[in-house]
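The values are calculated or read from the model by the stated rules, or taken from the named source; none is laboratory data. Predicted, not measured: the structure shown is a model, and the values here were computed from it. When we count neighbours, we look across all protein chains shown, and the Cβ atoms used for this are built from the backbone with ideal geometry, even at glycine. Areas reflect the complete protein model, heavy atoms only, side chains present, ligands, DNA and RNA absent. Shrake-Rupley method; radii C 1.70, N 1.55, O 1.52, S 1.80 Å.
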Number of protein chains: 2
Amino acid sequence: MAKFDPETLRWTQDGLVPAIAQDAEGGQVLMMAWMNRESLDATLATGNVTYWSRSRQELWRKGATSGHVQKLVSLAIDCDRDCILMQVTQVGAACHTGRRHCFYTEIRDGQEVVTEDPL
Amino acid sequence: MAKFDPETLRWTQDGLVPAIAQDAEGGQVLMMAWMNRESLDATLATGNVTYWSRSRQELWRKGATSGHVQKLVSLAIDCDRDCILMQVTQVGAACHTGRRHCFYTEIRDGQEVVTEDPL
(Lines give C-alpha, C1' and ligand atoms only; values in the text may rest on other atoms or scores of the structure.)
Protein backbone atom coordinates (compact mmCIF):
# COMPACT_ATOMS: atom_id res chain seq x y z
CA MET A 1 0.00 0.00 0.00
CA ALA A 2 1.03 3.56 -0.67
CA LYS A 3 -0.60 6.84 0.22
CA PHE A 4 -2.75 8.09 -2.64
CA ASP A 5 -1.66 11.47 -3.94
CA PRO A 6 -4.17 12.88 -6.43
CA GLU A 7 -1.38 14.98 -7.94
CA THR A 8 0.08 11.79 -9.38
CA LEU A 9 -2.91 11.29 -11.67
CA ARG A 10 -2.31 12.22 -15.27
CA TRP A 11 -4.68 15.16 -15.53
CA THR A 12 -5.38 16.66 -18.95
CA GLN A 13 -4.12 20.13 -19.75
CA ASP A 14 -7.50 21.34 -18.51
CA GLY A 15 -6.94 19.54 -15.21
CA LEU A 16 -9.48 16.77 -15.82
CA VAL A 17 -9.66 12.99 -15.85
CA PRO A 18 -12.49 10.88 -17.29
CA ALA A 19 -14.54 9.07 -14.63
CA ILE A 20 -16.76 6.08 -15.36
CA ALA A 21 -19.70 5.24 -13.09
CA GLN A 22 -20.72 1.58 -12.94
CA ASP A 23 -23.73 0.21 -11.09
CA ALA A 24 -22.25 -1.60 -8.09
CA GLU A 25 -24.97 -4.23 -8.17
CA GLY A 26 -25.90 -4.98 -11.78
CA GLY A 27 -22.57 -3.99 -13.32
CA GLN A 28 -24.15 -1.70 -15.90
CA VAL A 29 -21.96 1.17 -17.06
CA LEU A 30 -24.14 4.17 -16.27
CA MET A 31 -22.21 7.14 -17.60
CA MET A 32 -18.86 8.76 -18.19
CA ALA A 33 -18.12 12.32 -17.13
CA TRP A 34 -15.11 14.35 -16.04
CA MET A 35 -13.55 15.17 -12.71
CA ASN A 36 -11.12 17.83 -11.69
CA ARG A 37 -9.06 17.72 -8.53
CA GLU A 38 -11.76 19.47 -6.49
CA SER A 39 -14.52 17.09 -7.60
CA LEU A 40 -12.38 14.03 -6.90
CA ASP A 41 -11.61 15.33 -3.42
CA ALA A 42 -15.32 16.02 -2.82
CA THR A 43 -16.30 12.55 -4.07
CA LEU A 44 -13.83 10.82 -1.78
CA ALA A 45 -14.57 13.05 1.20
CA THR A 46 -18.38 12.93 1.04
CA GLY A 47 -19.19 9.68 -0.76
CA ASN A 48 -21.47 11.67 -3.08
CA VAL A 49 -20.16 11.41 -6.63
CA THR A 50 -19.24 14.87 -7.86
CA TYR A 51 -18.08 15.68 -11.37
CA TRP A 52 -16.82 18.77 -13.11
CA SER A 53 -19.28 20.16 -15.62
CA ARG A 54 -17.32 21.21 -18.68
CA SER A 55 -20.31 22.98 -20.21
CA ARG A 56 -21.18 24.95 -17.09
CA GLN A 57 -17.60 25.13 -15.81
CA GLU A 58 -18.66 24.34 -12.29
CA LEU A 59 -18.65 21.59 -9.72
CA TRP A 60 -21.48 19.18 -10.49
CA ARG A 61 -22.71 17.21 -7.54
CA LYS A 62 -24.62 14.48 -9.32
CA GLY A 63 -28.30 14.56 -8.38
CA ALA A 64 -28.12 17.84 -6.45
CA THR A 65 -31.16 19.17 -8.30
CA SER A 66 -32.72 15.97 -9.70
CA GLY A 67 -32.30 13.85 -6.60
CA HIS A 68 -30.66 11.20 -8.79
CA VAL A 69 -27.57 10.96 -6.64
CA GLN A 70 -24.74 8.50 -7.00
CA LYS A 71 -23.45 7.07 -3.74
CA LEU A 72 -19.86 6.00 -3.98
CA VAL A 73 -19.19 2.35 -3.16
CA SER A 74 -15.58 2.18 -4.33
CA LEU A 75 -13.18 4.05 -6.56
CA ALA A 76 -10.27 2.76 -8.62
CA ILE A 77 -7.73 4.24 -11.01
CA ASP A 78 -6.30 2.54 -14.06
CA CYS A 79 -2.78 1.37 -14.81
CA ASP A 80 -1.66 4.60 -16.45
CA ARG A 81 -3.43 6.76 -13.91
CA ASP A 82 -5.52 8.71 -16.37
CA CYS A 83 -8.97 7.23 -15.82
CA ILE A 84 -11.22 6.61 -12.82
CA LEU A 85 -13.74 3.80 -12.40
CA MET A 86 -16.33 4.06 -9.67
CA GLN A 87 -18.77 1.50 -8.35
CA VAL A 88 -21.86 3.44 -7.33
CA THR A 89 -25.35 3.03 -6.01
CA GLN A 90 -27.51 5.00 -8.42
CA VAL A 91 -30.77 6.54 -7.25
CA GLY A 92 -33.18 6.80 -10.18
CA ALA A 93 -31.83 7.72 -13.60
CA ALA A 94 -28.17 8.41 -14.27
CA CYS A 95 -28.99 10.00 -17.63
CA HIS A 96 -30.44 13.47 -18.08
CA THR A 97 -32.90 11.94 -20.59
CA GLY A 98 -34.49 10.04 -17.70
CA ARG A 99 -32.97 6.73 -18.66
CA ARG A 100 -31.20 4.51 -16.21
CA HIS A 101 -27.91 4.91 -18.12
CA CYS A 102 -26.52 7.03 -20.95
CA PHE A 103 -25.45 4.35 -23.43
CA TYR A 104 -28.88 3.57 -24.88
CA THR A 105 -27.97 4.16 -28.53
CA GLU A 106 -26.51 1.05 -30.07
CA ILE A 107 -24.88 1.01 -33.49
CA ARG A 108 -26.09 -2.02 -35.41
CA ASP A 109 -25.26 -2.55 -39.07
CA GLY A 110 -24.70 1.15 -39.56
CA GLN A 111 -27.99 2.15 -37.92
CA GLU A 112 -28.68 3.82 -34.57
CA VAL A 113 -30.98 1.71 -32.44
CA VAL A 114 -32.43 3.10 -29.19
CA THR A 115 -32.35 0.21 -26.75
CA GLU A 116 -33.95 1.72 -23.68
CA ASP A 117 -36.84 3.98 -22.71
CA PRO A 118 -36.83 6.58 -19.96
CA LEU A 119 -37.78 5.22 -16.52
CA MET B 1 -33.77 3.99 -36.42
CA ALA B 2 -31.48 6.40 -38.21
CA LYS B 3 -28.34 5.85 -40.21
CA PHE B 4 -25.26 6.25 -38.02
CA ASP B 5 -22.95 8.98 -39.21
CA PRO B 6 -19.66 8.96 -37.27
CA GLU B 7 -19.22 12.65 -38.12
CA THR B 8 -22.05 13.41 -35.69
CA LEU B 9 -19.99 12.24 -32.72
CA ARG B 10 -18.53 15.01 -30.63
CA TRP B 11 -14.86 14.41 -31.31
CA THR B 12 -12.28 16.30 -29.29
CA GLN B 13 -10.14 18.92 -30.97
CA ASP B 14 -7.65 16.12 -31.55
CA GLY B 15 -10.34 14.08 -33.30
CA LEU B 16 -10.77 11.52 -30.53
CA VAL B 17 -13.51 10.05 -28.34
CA PRO B 18 -13.03 7.95 -25.20
CA ALA B 19 -14.00 4.31 -25.64
CA ILE B 20 -14.75 1.97 -22.74
CA ALA B 21 -14.38 -1.80 -23.14
CA GLN B 22 -16.59 -3.95 -20.92
CA ASP B 23 -16.47 -7.73 -20.67
CA ALA B 24 -19.61 -8.92 -22.46
CA GLU B 25 -19.97 -11.86 -20.11
CA GLY B 26 -18.92 -10.83 -16.62
CA GLY B 27 -19.62 -7.11 -16.99
CA GLN B 28 -16.18 -6.08 -15.76
CA VAL B 29 -14.93 -2.77 -17.11
CA LEU B 30 -11.64 -3.78 -18.70
CA MET B 31 -10.10 -0.52 -19.91
CA MET B 32 -10.65 2.89 -21.38
CA ALA B 33 -8.73 4.13 -24.39
CA TRP B 34 -9.27 6.53 -27.27
CA MET B 35 -10.57 6.16 -30.80
CA ASN B 36 -10.29 8.39 -33.80
CA ARG B 37 -12.55 8.15 -36.81
CA GLU B 38 -10.29 5.62 -38.54
CA SER B 39 -10.13 3.30 -35.52
CA LEU B 40 -13.90 3.43 -35.02
CA ASP B 41 -14.42 2.56 -38.68
CA ALA B 42 -11.94 -0.33 -38.40
CA THR B 43 -13.60 -1.61 -35.22
CA LEU B 44 -17.05 -1.63 -36.79
CA ALA B 45 -15.85 -3.05 -40.09
CA THR B 46 -13.68 -5.87 -38.73
CA GLY B 47 -15.11 -6.64 -35.29
CA ASN B 48 -11.57 -6.36 -33.91
CA VAL B 49 -11.44 -3.52 -31.40
CA THR B 50 -8.99 -0.92 -32.64
CA TYR B 51 -7.97 2.18 -30.72
CA TRP B 52 -5.82 5.19 -31.47
CA SER B 53 -2.59 5.21 -29.53
CA ARG B 54 -2.01 8.76 -28.34
CA SER B 55 1.54 7.98 -27.21
CA ARG B 56 2.57 6.29 -30.45
CA GLN B 57 0.24 8.36 -32.64
CA GLU B 58 -0.82 5.33 -34.62
CA LEU B 59 -3.69 2.94 -35.09
CA TRP B 60 -3.62 0.37 -32.29
CA ARG B 61 -5.31 -2.87 -33.12
CA LYS B 62 -5.71 -4.31 -29.63
CA GLY B 63 -3.80 -7.57 -29.29
CA ALA B 64 -2.03 -7.34 -32.64
CA THR B 65 1.30 -8.12 -31.01
CA SER B 66 0.23 -9.67 -27.67
CA GLY B 67 -2.58 -11.83 -29.04
CA HIS B 68 -4.86 -10.34 -26.38
CA VAL B 69 -7.48 -9.27 -28.87
CA GLN B 70 -10.87 -7.81 -28.10
CA LYS B 71 -13.68 -9.14 -30.24
CA LEU B 72 -16.52 -6.66 -30.57
CA VAL B 73 -19.89 -7.92 -29.39
CA SER B 74 -21.77 -4.61 -29.50
CA LEU B 75 -21.07 -0.90 -29.54
CA ALA B 76 -23.10 1.97 -28.13
CA ILE B 77 -22.72 5.73 -27.87
CA ASP B 78 -23.90 7.88 -25.02
CA CYS B 79 -26.59 10.55 -24.85
CA ASP B 80 -24.31 13.44 -25.70
CA ARG B 81 -22.42 11.47 -28.35
CA ASP B 82 -18.99 11.95 -26.87
CA CYS B 83 -18.26 8.52 -25.40
CA ILE B 84 -18.34 4.94 -26.71
CA LEU B 85 -19.13 1.81 -24.70
CA MET B 86 -18.27 -1.56 -26.17
CA GLN B 87 -19.20 -5.04 -25.04
CA VAL B 88 -16.25 -7.24 -25.94
CA THR B 89 -14.94 -10.75 -25.68
CA GLN B 90 -11.47 -10.35 -24.22
CA VAL B 91 -8.78 -12.90 -24.99
CA GLY B 92 -6.27 -13.02 -22.11
CA ALA B 93 -5.32 -9.80 -20.36
CA ALA B 94 -6.73 -6.42 -21.35
CA CYS B 95 -4.03 -4.61 -19.37
CA HIS B 96 -0.41 -4.23 -20.49
CA THR B 97 0.60 -5.24 -16.95
CA GLY B 98 -0.76 -8.72 -17.64
CA ARG B 99 -3.87 -8.21 -15.55
CA ARG B 100 -7.33 -9.03 -16.77
CA HIS B 101 -8.33 -5.35 -16.53
CA CYS B 102 -6.67 -1.97 -15.93
CA PHE B 103 -8.56 -0.75 -12.84
CA TYR B 104 -6.72 -2.81 -10.25
CA THR B 105 -5.67 0.08 -8.02
CA GLU B 106 -8.38 0.93 -5.55
CA ILE B 107 -8.32 4.03 -3.38
CA ARG B 108 -9.31 3.10 0.17
CA ASP B 109 -9.06 5.56 3.03
CA GLY B 110 -6.44 7.56 1.17
CA GLN B 111 -4.30 4.51 0.38
CA GLU B 112 -3.65 2.76 -2.93
CA VAL B 113 -4.57 -0.92 -2.71
CA VAL B 114 -3.69 -3.29 -5.55
CA THR B 115 -6.68 -5.60 -5.87
CA GLU B 116 -5.53 -7.98 -8.59
CA ASP B 117 -2.46 -9.88 -9.71
CA PRO B 118 -1.34 -10.48 -13.27
CA LEU B 119 -2.86 -13.57 -14.90
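Tabulated results
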{"item": "Computed magnitude of the charge dipole of chain B (debye, nearest 20; Cβ of K, R +1, Cβ of D, E -1)", "result": "340 debye"}
{"item": "Between helix B:37-46 and chain B: long-axis angle, C-alpha atoms, 0 to 90°, nearest 10", "result": "80 degrees"}
{"item": "Fluctuation leader among A:56, A:108, A:37 - chain A, Gaussian network, Cα springs under 10 angstrom", "result": "A:108"}
{"item": "For residues of B:27-34, the mean tally of beta carbons on other chains within 10 Å", "result": "5"}
{"item": "Karplus 3J(HN,Hα) series, Hz, for the range B:5-22 with 6.51 cos²θ - 1.76 cosθ + 1.60 (x for Gly, Pro)", "result": "10, x, 5, 7, 5, 8, 5, 5, 4, 7, x, 10, 9, x, 10, 9, 10, 10"}
{"item": "Residue mean of other protein chain beta carbons inside 10 Å, B:17-23", "result": "3"}
{"item": "Beta carbon of chain B nearest to the axis of the rotation taking B to A, residue and angstrom distance", "result": "B:27, 2"}
{"item": "Point-charge dipole on Cβ atoms (K/R +1, D/E -1) for the range B:1-60, about Cα centre, debye to 20", "result": "120 debye"}
{"item": "Solvent exposure, largest accessible area first (probe 1.4 Å, DNA, RNA and ligands not counted), of A:11, A:34", "result": "A:11, A:34"}
{"item": "Relative contact order computed over chain B (Cα-Cα under 8 Å; 6+ residues apart), in percent", "result": "22 percent"}
{"item": "Cβ-vector label at 7 Å, residue B:46, separations to other copies in nm", "result": "4.5"}
{"item": "Long-range amide H partners of residue B:34 with built H, under 5 Å", "result": "B:19, B:52"}
{"item": "Using a 7 Å Cα-to-Cβ projection, residue A:10 label spacings across copies, nm, ascending", "result": "2.4"}
{"item": "Ellipticity estimate at 222 nm from DSSP helix runs (n ≥ 4, -39,500 (n - 2.57)) divided over the protein assembly as shown, nearest 500", "result": "-2500 deg cm²/dmol"}
